[in-house]
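Colleague: Dropping the structure in here first, questions after.
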Amino acid sequence: GLWIKCESCDAVLYATDLEKNLNVCPKCSYHNRLSARARINMLLDSEGRFEIGAEVLPVDGLKFKDSKRYSDRLEDAQQQTGETDALVVMQGAVKNIPLVVAVPVIEHLGGGSVRCMLAEVPGTQGAT
């Protein structure tokens, strides 16, 4: 929407002003939640980005089930977040200095599928 209410001080803020301030409330300095991709967009230079592991999808190798099947939870999380997994890994640069960033998507099963994905992405074995 056009206006956003600060979760901390209840100030009503113009959405674009909040975005320009990196999602930090100008009234109380509360740091509002950012999506993984928004955080990456704020950090990396806009040119030369490459997403790593986007083609790797999480699987339920253990066929885990508690009150709900893991595959159903995964599908729900993917629909809710728009992300296929709980980690976004991007190669890029900051002021032309090359780097790779990995940002968790906490809303995606609380990051629970990160280990599944890391096991499949080349160069990340042992990262968990």
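The values are calculated or read from the model by the stated rules, or taken from the named source; none is laboratory data. The structure presented is a predicted model; accordingly, all values stated were derived computationally and were not measured. Virtual Cβ from ideal backbone geometry, glycine too; neighbours counted across all protein chains shown. All accessible areas refer to the heavy atoms of the entire protein, side chains included, with ligands and DNA or RNA removed. Shrake-Rupley method; radii C 1.70, N 1.55, O 1.52, S 1.80 Å.
Residue-wise test of (1) in a helix (DSSP H, G or I); (2) polar (S, T, N, Q); (3) crowded, with 18+ Cβ neighbours inside 10 Å.
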site	(1), (2), (3)
Glu55	no, no, no
Gly61	no, no, no
Ser67	no, yes, no
Asp76	yes, no, no
Asp85	no, no, yes
Met90	no, no, yes
Val100	no, no, no
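Colleague: Moving on. Determine whether Leu34 is open to solvent by less than 60 Å² (accessible area, probe 1.4 Å), modelled with pLDDT of 95 or more and under 22 Å from Ile106 (Cβ atoms).
Modeller: Spelling it out, it is not the case that Leu34 is open to solvent by less than 60 Å² (accessible area, probe 1.4 Å), modelled with pLDDT of 95 or more and under 22 Å from Ile106 (Cβ atoms).
Colleague: Still on this structure, I have one more. Pull up the stretch 102-117, narrow it to residues that are part of a helix (DSSP H, G or I), among the aliphatic types (A, V, I, L, M) and open to solvent by 20 Å² or more (accessible area, probe 1.4 Å), then point me to the one that is modelled with the lowest pLDDT.
Modeller: Within the stretch 102-117, the match that is modelled with the lowest pLDDT is Val114.
Colleague: Another one. Taking the stated definitions as given, is Asp10 open to solvent by 40 Å² or more (accessible area, probe 1.4 Å), assigned to a loop (DSSP other than H, G, I, E, B), touching a strand residue (DSSP E or B) at 6+ places or on another chain (Cβ under 6 Å) and of a type outside the set (Val, Ile, Thr)?
Modeller: no
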